[in-house]
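Novice: Before anything else, here's the structure in question.
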Amino acid sequence: MAGLLLAGFAVACTDRDDAFGNEMVPPSQQMGSSIDSTVSVYSYVTTCDSLDTNISGFYQPFMGSYIDPVVGRTDVAVFTNFSPNGFQHSHYFGENPVIDSMRYAISFSGALGDTTQAVTIDVYEVKEGIRFYQDSAYFSNFDMTPYIGTTPLFSFEHKGIGNALGTVPKEFADRLLDNTQSKENIYYADTAFHRKFPGLYFKFREPATSGEGQMLQFDLSQSAMFLFYHNTGPDGPDTLQQKMWFFGDYTYDYVSFSTVEHDYAYADPAKGGVSTAEIGDTIHPSKYIYVQGLAGLMGALKVDEEALAGLKQKAVDLGYTHIALHRAELQVTMVDSGVEQYDRSFSSLGIYYDMLKYQFLSEYNPMLDAITGSGYSSTLGGALNRSKGTYSFDITSYVQSLITGKEKRFMTQLLPAYGYRNNFARCWIYGTDSPYPPLLVLTYTMIK
């Protein structure tokens, strides 16, 4: 049984007798195949307005200000709460405790950009009484301004991978001393503690305006604060400490999320970077597709509706009733593929109707995929082929639904695979108006 190949660029038509031999087959069983003209996939440049960034178990958020000539500047700040080393119901600080000092150890496990220059990081205390909850969604465009003061609790300078060590103001440390022997003690339960100490907000003091800037990877699991105190009673030890965790076995009611801003004016169109004029233009197909994590740029892909209608009509003209797809494979090609671009790119991409509204293709539903025993397994593909510099997607069910008319959405979103949506990475891909446009290959049979 022969199949039909449809490419995302113009090809010459092949004329042949598709009905040859049909007189030997009962009419109800007659099938046909053809190699014909094109189905185009049009690309456009759009943005992902916002994205939930408080992911359960995610403890290595990105933070910084970084300029990429392809996609512009990205600024990321991080909120995280902290918890003491367990909660207890009595004997909190011993007899007659006195706070000595408090120190922080902030760990950064990754870095990108100019790590030779130190940057200043301001740490703000979130106002008392504010609560952030694990079961609530906090999006990348969340405005933290109403929840923090105008003056940082403390600041420090840092560059690259490593640890930042320093002292927390004594006034803040003194407020952490609560030795009341009742349920009102903030160390009695996590809710009382986090009501009084909601958390900290880490932010670069100055965004990058030239060069690369820096993007750091904050490792909350290796970061902590240490409250040192001593007891003045006759039997008390000289020095004790209460450890404050940002993420770990004792971080009850752990919450962390990122706030993100993008400034696409810092991209350089002369180097293939996005132009602010093309963002949101869904009339003129783009030369490039840009895909970012952290609610940045995304590709909009539109299958040529008229071409599919023409394909259906051709089948009817040949005496067939419908088209059965065997496979619909979409392939997109990276620009300037090589090690440098691969290292900046996502290892896997996803295609969505609307990711923010959890509207997924039947080929790719990460929510069902994450449920053990659901019986669902994604068939989309989307992994980067590093030997070819391409991403390939099996969208057979989606295109079949377009052909039958069950699906009316000809436009989809090209974004990171769902598990990578908060990663600091980007893909630079050829669009429709380029030498290597998106390539859609359909293999099908026409059936009477």
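Novice: How many of the residues in segment 174-187 are out of contact with any Lys or Arg (no Cβ under 9 Å at 6 or more places or on another chain) and either among the acidic types (D, E) or not in a loop (DSSP other than H, G, I, E, B) (or both)?
Specialist: Summing the residues that are out of contact with any Lys or Arg (no Cβ under 9 Å at 6 or more places or on another chain) and either among the acidic types (D, E) or not in a loop (DSSP other than H, G, I, E, B) (or both) in segment 174-187 gives 2.
Novice: Hey, can you tell me all the residues within segment 159-174 that are exposed (fewer than 14 other Cβ atoms within 10 Å of the Cβ) and within 22 Å of E95 (Cβ to Cβ)?
Specialist: K170, D174
Novice: Of the residues N423, N365, which is polar (S, T, N, Q), under 26 Å from K271 (Cα atoms) and either within 21 Å of the chain's Cα centre (by Cα) or surrounded by fewer than 19 Cβ atoms within 10 Å (Cβ to Cβ) (or both)?
Specialist: Going through N423, N365 in turn, just one is polar (S, T, N, Q), under 26 Å from K271 (Cα atoms) and either within 21 Å of the chain's Cα centre (by Cα) or surrounded by fewer than 19 Cβ atoms within 10 Å (Cβ to Cβ) (or both): N423.
Novice: Could you pull out every one of the helices (runs of 4 or more DSSP H) wholly within segment 296-382 that has 3 or more residues that are within 30 Å of Y66 (Cα to Cα) and touching a residue at least 12 places away in the same chain (Cβ under 8 Å)? Talk me through it step by step, then tell me what you get.
Specialist: On the way: elements: 305-317, 339-344, 366-369.
Hits in segment 296-382: 339-344.
Novice: Open to solvent by 10 Å² or more (accessible area, probe 1.4 Å) and within 21 Å of K357 (Cβ to Cβ): does that describe K287? Spell out the reasoning first.
Specialist: Numbers: open to solvent by 10 Å² or more (accessible area, probe 1.4 Å): yes; within 21 Å of K357 (Cβ to Cβ): no.
Answer is no for this residue.
Novice: Further question: Among the residues that make up segment 90-99, is at least one of them at pLDDT 95 or above and not β-branched (V, I, T)? Walk me through how you get there before you give the answer.
Specialist: Initial filter on segment 90-99 (at pLDDT 95 or above): none.
Within segment 90-99, none of the residues are at pLDDT 95 or above and not β-branched (V, I, T).
Novice: For segment 49-89, which residues satisfy the criterion of being of a type in the set (S, T, N, Q), outside any strand (DSSP E or B) and under 29 Å from M334 (Cα atoms)?
Specialist: So in segment 49-89, the residues of a type in the set (S, T, N, Q) come out as 50, 53-54, 56, 60, 65, 74, 80-81, 83, 85, 88.
Okay, now just the ones that are also outside any strand (DSSP E or B), so 50, 53-54, 56, 60, 81, 85, 88.
Within segment 49-89, S50, T53, Q60 meet the criteria.
Novice: Taking segment 188-218 only, how many residues are part of a helix (DSSP H, G or I), touching a Lys or Arg at 6+ places or on another chain (Cβ under 8 Å) and surrounded by 21 or more Cβ atoms within 10 Å (Cβ to Cβ)?
Specialist: Final tally of qualifying residues: 1.
Novice: Then there is this: Somewhere in segment 397-408, is a residue buried (at least 17 other Cβ atoms within 10 Å of the Cβ), out of contact with any Phe, Trp or Tyr (no Cβ under 8 Å at 6 or more places or on another chain) and in a loop (DSSP other than H, G, I, E, B)?
Specialist: No.
Novice: A further question follows. Inside segment 271-283, can you point out the residues that are on the phi < 0 side of the Ramachandran plot and loosely packed, with under 13 Cβ neighbours inside 10 Å? Before the answer, list the steps.
Specialist: To start, the set of residues in segment 271-283 that are on the phi < 0 side of the Ramachandran plot comprises 271, 273-279, 281-283.
If the condition is that a residue be on the phi < 0 side of the Ramachandran plot and loosely packed, with under 13 Cβ neighbours inside 10 Å, then K271, A277, I283 are the ones that fit.
Every residue, every condition in (1) of a type in the set (A, V, I, L, M); (2) over 28 Å from F204 (Cα atoms), yes or no:
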residue	(1), (2)
Y252	no, no
V255	yes, no
H262	no, no
D268	no, no
K271	no, no
T282	no, yes
P285	no, yes
I289	yes, yes
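Novice: OK, next. Name the pairs: first residue in segment 98-124 and closer than 21 Å to T151 by Cα, second residue among the charged types (D, E, K, R) and open to solvent by less than 60 Å² (accessible area, probe 1.4 Å), Cβ to Cβ under 9 Å, at least 6 apart or on different chains?
Specialist: I106/D219
Novice: Let me ask something else about it. Taking segment 37-69 on its own, how many of its residues are closer than 30 Å to F410 by Cα, open to solvent by 10 Å² or more (accessible area, probe 1.4 Å) and at pLDDT 95 or above?
Specialist: 4
The values are calculated or read from the model by the stated rules, or taken from the named source; none is laboratory data. This structure is a prediction, so every number in the text was calculated from the model and none was measured. Quick reminder, even Gly has a Cβ in these numbers, built from the backbone with ideal geometry, and neighbours come from all protein chains shown. Protein only, heavy atoms only, side chains kept; ligands, DNA and RNA dropped before computing areas. Shrake-Rupley method; radii C 1.70, N 1.55, O 1.52, S 1.80 Å.
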